[in-house]
Structure formats: structure tokens, C-alpha cells
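For reference, the structure is listed below as C-alpha cells.
Just so it is clear, none of the values below were taken in a lab; they were calculated from the coordinates. It should be emphasised that the depicted structure is a prediction, and the values quoted were computed from it without experimental measurement. Neighbour counts run over all protein chains shown; Cβ positions are idealised from the backbone, glycine included.
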Amino acid sequence: MAADHLTTRDVPLDPAAAAILFIDVQNFSVRREGGEFKDVSDADIAGKYGYYFKRVHEVAIPNMQRLLEGFRKAGIEVLHTTIESLTRDGRDRSLDYKITGFNVPKGSWDGKVIDELEPLDDEIVFPKSSSSVFVSTHIDYILRNLGVKQLVLCGLLTDQCVESAIRDACDLNYLVTLVPDACGTYSQERHDFSLNAIKGYCRQVSTDALLKEIGQ
């Protein structure tokens, strides 16, 4: 792929130069008993977070499961990242995470990818302590070593960690594909605003269309 001469982002995936990254699909933020929600009342779960849990469990995760299966079958590199400190007390976290109160201790259940998307033994998982995986991990180094030029992104939250990764990946010269129906955030409005804000940074392709594109 002569990436330096491209004039469009609408480039079909080249399996030999592509990878998919699942962002923050972990017990901490997906499970009712996860660290992000364990102290939230049932009333708030049903009200304030009702849309989020419905979106994540009925739309985003099923589509991510399909993507995971399809990309594995196609032999395309599969990567994962989760919010997880490199220490138990989180002293290595970003200042923003410290102020927010986010700490997913090293090796904790909260930091594990959910069972529905469990990584294979040879799939790379990047623990991160910042919004963008490109800031607090060596993912750029790894992607270049793998020969990746096209990066597919999906996961949580659309308008936070996913959007941050998109912007950084573009600045680092990756062609980015976002799968909107395999992402989620706290409201449809936030999701839609994010998709509109980043449309100039990536192509946006549905799960069905992307699987068809890779022959799955």
C-alpha cells in the first residue's frame, strides 16, 4: 500500500497490513459489579445508565464478538487494551486518572477483558492508564513491528478512549477504520456527536460491511 500517495481514507483493508483493536471491553466498565458501577444504586443503573448497559450488551458486544470471530478467521492481527495500572496502588496512573479516581489495580478482575471477548494466548493485551492507548503504552512500536498500516477500532467509550485513540492513530500515520455499531457510550446523543466530530479522521464502517470486506 503506497500510503504516502493516498488521497482518501476509504481504502479497503489489506489483511496483511491491518489489525483490529478492542478498547476497554473489560469487567471494570461492562459488568454491573465492576469497579465503575459497584457503588452505583440500582435506581441509577436503571435510570442514568440504562441506555449504556442496553447499548453495550445488546448491540456493541454482539457486534464485537462477530468482528473478533471474523478477524481471527481472516488471519488479521487482533489486539486488546484495557484500563489497568502497572501497579496495585495505581501510582503510575495519569494525573487525570488520579483526579478522576480511576484505579484498576494490576492483575485485578476489573482489568480483565470480558469473557465474551477473551483474548487468545497469543493475542496482545495492552494495559493502559490514560484515555488514549497511544499515550501510556508502546502500541505504536508494536504496530510498526507488525507491519500494520490500517487500524480498525471499536469498544468503549465512543467519545472518550475510542475517540482519543482515533485522533492519535491518525497523527501517527495509520489509516483508521471505526466500527460505530461496535462502540458505545452513555447516551445516543454523545455517541452521535462523537461520530460526527471524528468523521474527518477515519472511515466509519458497519460490522456487516466490514466483515463482508474481509470475506467473512
**Item:** Computed label-point distance, nm, for sites ASP115 and ARG32 using a 7 Å Cα→Cβ extension
**Value:** 1.5 nm
**Item:** Isotropic mean projected area of the C-alpha convex hull, segment 3-213 (nm²)
**Value:** 11.4 nm²
**Message:** What distance in nm separates the two pseudo spin-label positions at ARG91 and GLU123, each 7 Å out from Cα along the beta-carbon direction?
**Reply:** 3.4 nm
**Complete:** Which of ASP192, ASP39, ASP110 fluctuates most in a GNM of the chain (C-alpha springs under 10 Å)? That residue is ASP39
**Prompt:** Going from the alpha-carbon gyration tensor of segment 82-177, what semi-axes, largest first and in whole Å, does one get by taking the root of 5 times each eigenvalue?
**Reply:** 22, 16, 13
**Asked** Relative contact order, percent, of segment 87-166 when contacts are C-alpha pairs under 8 Å separated by at least 6 residues?
**Response** 23 percent
**Prompt:** Using a Förster distance of 22 Å, how high is the FRET efficiency between VAL59 and ARG9, based on the Cβ-Cβ distance and rounded to 0.05?
**Reply:** 0.35
**Request:** Any chance you could run the full-extension gain for SER206 through ASP44? It's 0.36 nm times the residue separation minus the Cα-Cα distance, nm to one decimal.
**Result:** 55.2 nm
**Message:** Could you work out the relative contact order of segment 3-213? I mean the mean sequence separation of Cα pairs under 8 Å and 6+ apart, divided by the number of residues, in percent.
**Reply:** 27 percent
**Prompt:** Rounded to the nearest 500 deg cm²/dmol, what is the calculated helix-only ellipticity per residue at 222 nm for the chain, with -39500 (n - 2.57) per DSSP H run of length n ≥ 4?
**Reply:** -8500 deg cm²/dmol
**Message:** What's the magnitude of the charge dipole for the chain around its Cα centre, counting Lys and Arg as +1 and Asp and Glu as -1 at the beta-carbon? Answer in Debye, nearest 20.
**Reply:** 180 debye
